[in-house]
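Student: Supplied in structure tokens, the structure appears directly below.
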């Protein structure tokens, strides 16, 4: 069992290379004036439902597009096509996370001009561990956690909460049915990431979506203003 | 970006070493006459709730113990202590799966005599990707999926369904609230793993637990009979 140090060394190289690609992506996004949001969560937390809703709502006022990562299927891209926003699927095979180079390749193969976008969303593979170490050049990383998963997830997966910028509690319409405690969940998030902004919403009922829209709109304005100065 | 072939090669070595340890664990389990069940699922699917319930129920007639894998916390071991069964936590740090060597080490550090056990449960880290490649020497691998995660999970994570022996649909008491379709979920499981036996249950209401107890009891009897012959 002496392979572990070698594995760690190779992993470090992969991460370093990923950071280089992520940096160049970030420069490109910044130059294009597009605000890039990535979504991480465990499988079934409602990333795709959230994305379908937010793309549909944002489309009234903004130019939006999405890249969605998945091991095997193109189901998410088909679901998201209902939002009428341009969506491209990235299939990762057996890899448990997206890497910056996959985002780069997807953008090259796609005919989108990112200069014509306001928001680009990147939905990562459903996984609360692997995506945390891979920078994708995004401006904002949102970690989603559904009320059905239990309030202890931030304590059990602290790294992903630390790598994210804001947290979104999803499926809030089911909170009573699963006896979800907002106070406990909020306290647990704050204990692993003090000061983290936490939203709650339901893509199904629409509760909390307007607040989310306003938040993202404000972040885009900030980005544009900082670019002007 | 030339590190990937090296990474794959090192990964193959790690997997090969894992298989060697898993084989020796399996021999040891077989010699001890203990039936070993591992649980895999995404975070929040209800592995720990299922385990607490099944340990409590099995304890009336069998000698049981559990190993539980987690990145950071010992919460699961504390929750499972309520079942009054001996439970040991394995903390994996940032690793997204258990490895056979971790199981081996945990058994060595622990004073349990596996020769005195009927069932040993191993709860893997909550992850639908990484655990699929790591044999832990178990007799039965159960993949759990909750009704709240959506029926498409088998299609999106086919490898883990292929590496598992049976599937358990959890939180069936919430099926109506989330408009879960048993037919669709069952069909999706069968399409990635034809013939797979699928159970449904609720650790909360107890629905389906007796069927699960009978199934595990029968599998233990089979194991003991095959050892006699």
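Student: Report the residue count in region A:80-104 for those that are in a helix (DSSP H, G or I), within 14 Å of chain B (Cβ to nearest Cβ) and either out of contact with any strand residue (DSSP E or B) (no Cβ under 9 Å at 6 or more places or on another chain) or free of Cβ contacts under 8 Å to residues at least 12 places away in the same chain (or both).
Tutor: At the first step, the residues of region A:80-104 found to be in a helix (DSSP H, G or I) are A:80-83, A:100-104.
Then keep just the ones that are within 14 Å of chain B (Cβ to nearest Cβ); that gives A:80, A:100-104.
The next check asks that each one be either out of contact with any strand residue (DSSP E or B) (no Cβ under 9 Å at 6 or more places or on another chain) or free of Cβ contacts under 8 Å to residues at least 12 places away in the same chain (or both); those that pass are A:100-101, A:104.
Count: 3.
Student: Looking only at region B:72-94, which residues are closer than 21 Å to residue A:132 by Cα, touching a helix residue (DSSP H, G or I) at 6+ places or on another chain (Cβ under 8 Å) and at pLDDT below 90?
Tutor: B:72, B:73, B:94
Student: Just give me the residues in region B:55-71 being buried (at least 18 other Cβ atoms within 10 Å of the Cβ) and in contact with a strand residue (DSSP E or B) (Cβ under 8 Å, 6 or more places away or on another chain), in sequence order.
Tutor: Of everything in region B:55-71, those that are buried (at least 18 other Cβ atoms within 10 Å of the Cβ) and in contact with a strand residue (DSSP E or B) (Cβ under 8 Å, 6 or more places away or on another chain) turn out to be B:55, B:58, B:64, B:65, B:66, B:67, B:68, B:69, B:70, B:71.
Student: Looking at A:181, A:133, which is the one that is at pLDDT below 95 and either farther than 14 Å from residue A:37 by Cβ or surrounded by fewer than 17 Cβ atoms within 10 Å (Cβ to Cβ) (or both)?
Tutor: That would be A:133, the only listed residue that is at pLDDT below 95 and either farther than 14 Å from residue A:37 by Cβ or surrounded by fewer than 17 Cβ atoms within 10 Å (Cβ to Cβ) (or both).
Student: Looking only at region A:68-101, count every residue that is within 16 Å of the chain's Cα centre (by Cα) and under 19 Å from residue A:118 (Cα atoms) and tell me the total.
Tutor: 4
Student: Within region B:198-208, does at least one residue satisfy the condition of being free of Cβ contacts under 8 Å to residues at least 24 places away in the same chain and at negative phi? Talk me through it step by step, then tell me what you get.
Tutor: Applying the first criterion (free of Cβ contacts under 8 Å to residues at least 24 places away in the same chain) to region B:198-208 yields none.
For region B:198-208, residues free of Cβ contacts under 8 Å to residues at least 24 places away in the same chain and at negative phi: absent.
Student: Taking region B:22-42, which residues are within 13 Å of chain A (Cβ to nearest Cβ), touching a helix residue (DSSP H, G or I) at 6+ places or on another chain (Cβ under 6 Å) and within 30 Å of residue A:192 (Cβ to Cβ)?
Tutor: Within region B:22-42, B:40, B:41 qualify.
Student: What number of residues within region B:95-109 are loosely packed, with under 14 Cβ neighbours inside 10 Å and more than 13 Å from residue B:28 (Cβ to Cβ)?
Tutor: Of the residues in region B:95-109, the ones loosely packed, with under 14 Cβ neighbours inside 10 Å are B:105, B:108-109.
Adding the requirement that they be more than 13 Å from residue B:28 (Cβ to Cβ) leaves B:105, B:109.
Of the residues in region B:95-109, 2 are loosely packed, with under 14 Cβ neighbours inside 10 Å and more than 13 Å from residue B:28 (Cβ to Cβ).
Student: Take residue B:30 and decide whether it is modelled with pLDDT of 90 or more, farther than 25 Å from residue B:171 by Cβ and touching a strand residue (DSSP E or B) at 6+ places or on another chain (Cβ under 9 Å).
Tutor: Details: modelled with pLDDT of 90 or more: yes; farther than 25 Å from residue B:171 by Cβ: yes; touching a strand residue (DSSP E or B) at 6+ places or on another chain (Cβ under 9 Å): no.
Criteria not met by residue B:30.
The values are calculated or read from the model by the stated rules, or taken from the named source; none is laboratory data. Being a predicted model, the structure only gives us computed values, none of them experimental. Neighbour counts run over all protein chains shown; Cβ positions are idealised from the backbone, glycine included.
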